[in-house]
Amino acid sequence: MLKVGVLALQGSVSEHIDMLSGINNVLPVKVKTIEQINEVDALILPGGESTTMGKLLVAFNLLDSLKKRIIDGMPVWGTCAGMILLSNKLLPKTHTHLAVMDICVRRNAYGSQAASFETTAIIPSISSDPIPLTFIRAPYIESVGKQVEILCRVDNNIVAARENNMLATSFHPEVTNNDSVHRYFVGMIENII
Ligand code: GLN
């Protein structure tokens with residue numbers, strides 16, 4: 001059984017847990033302590049509000065241990081605010097982040113909350129069928145380093161990428177009824193650990 005954690009400080013935690021619950025051989029768990037982080041095989045950083053999550057990571061003394069586990073190879077997937085936390089360059093530079101993934105991310109790149117939108121796209125590495133993409137005051141990736149594989153663009157902006165053990169999506173698969181990206185992440189975990 002793969003123990004897949006969801007960082008449970010703030011944001012769309014139960015939605016990710018529900019999605020993972022439908023996948024065989026996965027035990028989803030909410031994590032919020034260093035001990036719990038050290039016990040999981042992989043971790044999802046959910047969407048929510050990245051400034052708050054960054055502050056809570058510092059307040060709960062989790063930032064350094066979490067960063068170390070990711071650098072040591074733990075599979076991790078950041079959705080939206082979670083992607084912001086993973087990025088090693090953030091525009092505008094406003095708050096604490098993990099700075100582990102070689103991507104430059106622009107926060108609130110589509111504008112205000114009212115500019116949130118839904119679309120569909122085929123992401124060939126993930127599924128041959130179109131999947132729904134939900135953007136909620138979303139960031140996008142402005143540029144990536146050499147080791148980063150671009151998985152999806154929408155209107156020419158990069159909205160999904162992978163670097164070794166790290167997956168980042170601007171959008172929120174956990175609020176849809178399509179678990180393709182969760183299944184892709186579980187496949188990634190199985191290949192890595
Ligand atoms: N706009 C949020 C932030 O900057 C991210 C939004 C989300 O996770 N849906 O943290």
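Taking into account only those residues within segment 9-65 that are assigned to a helix (DSSP H, G or I), more than 25 Å from residue 191 (Cα to Cα) and of a type outside the set (A, V, I, L, M), which is farthest from the ligand (Cβ to nearest atom)? Full working, then the answer.
Start the filter on segment 9-65 by keeping residues that are assigned to a helix (DSSP H, G or I), which leaves 13-21, 34-39, 50-59, 63-65.
After this cut, where a residue has to be more than 25 Å from residue 191 (Cα to Cα) as well, the list is 14, 50-59, 63-64.
Remaining after also requiring of a type outside the set (A, V, I, L, M): 14, 50-52, 54-55, 64.
Working: 14: 15, 50: 3, 51: 6, 52: 8, 54: 9, 55: 11, 64: 21 Å.
Ranking the candidates gives 64 first.
Can you name the residue in segment 133-169 that is part of a strand (DSSP E or B) and among the small types (Gly, Ala, Ser) and is also farthest from residue 45 (Cα to Cα) among such residues?
Residues of segment 133-169 part of a strand (DSSP E or B): 133-135, 140-144, 149-154, 157-163, 166-169.
Pick out the ones that are also among the small types (Gly, Ala, Ser) and you get 143, 160-161, 168.
Values: 143: 21, 160: 14, 161: 15, 168: 9 Å.
Per the stated criteria, the residue is 143.
In segment 51-95, how many residues are among the hydroxyl-bearing types (Ser, Thr, Tyr) and more than 27 Å from residue 2 (Cα to Cα)? Before the answer, list the steps.
Of segment 51-95, the ones among the hydroxyl-bearing types (Ser, Thr, Tyr) are 51-52, 65, 79, 87, 94.
Imposing the further condition that a residue be more than 27 Å from residue 2 (Cα to Cα) reduces the set to 51-52, 94.
Adding up the residues that qualify gives 3.
For segment 139-156, does any single residue satisfy the condition of being within 13 Å of the ligand (Cβ to nearest atom) and out of contact with any Cys (no Cβ under 8 Å at 6 or more places or on another chain)? Let's see the steps before the verdict.
At the first step, the residues of segment 139-156 found to be within 13 Å of the ligand (Cβ to nearest atom) are 139-140.
Filter once more, keeping what is out of contact with any Cys (no Cβ under 8 Å at 6 or more places or on another chain): 140.
Checking segment 139-156: at least one residue is within 13 Å of the ligand (Cβ to nearest atom) and out of contact with any Cys (no Cβ under 8 Å at 6 or more places or on another chain).
Let's see how each residue does on (1) under 14 Å from residue 172 (Cα atoms); (2) touching a residue at least 24 places away in the same chain (Cβ under 8 Å):
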| position | (1), (2) |
| --- | --- |
| 105 | no, yes |
| 112 | no, yes |
| 116 | yes, no |
| 119 | yes, yes |
| 128 | no, no |
| 140 | yes, yes |
| 144 | no, yes |
| 147 | no, yes |
| 151 | no, yes |
The condition from (1) surrounded by fewer than 19 Cβ atoms within 10 Å (Cβ to Cβ); (2) within 15 Å of the ligand (Cβ to nearest atom); (3) more than 15 Å from residue 45 (Cα to Cα) that residue 130 misses is numbered (2)
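Considering each of 116, 143, 170 in turn, give the residue that is modelled with pLDDT of 95 or more, touching a Phe, Trp or Tyr at 6+ places or on another chain (Cβ under 7 Å), of a type outside the set (Phe, Trp, Tyr) and more than 21 Å from residue 28 (Cβ to Cβ). Before the answer, list the steps.
On the way: 116 fails: modelled with pLDDT of 95 or more; 143 fails: touching a Phe, Trp or Tyr at 6+ places or on another chain (Cβ under 7 Å).
Within the list 116, 143, 170, the selection yields 170.
The values are calculated or read from the model by the stated rules, or taken from the named source; none is laboratory data. Here the structure is a predicted model, which means the values were calculated and not measured. Using ideal geometry, Cβ is built from the backbone for each residue, glycine included, and neighbour counts are taken over all protein chains shown.
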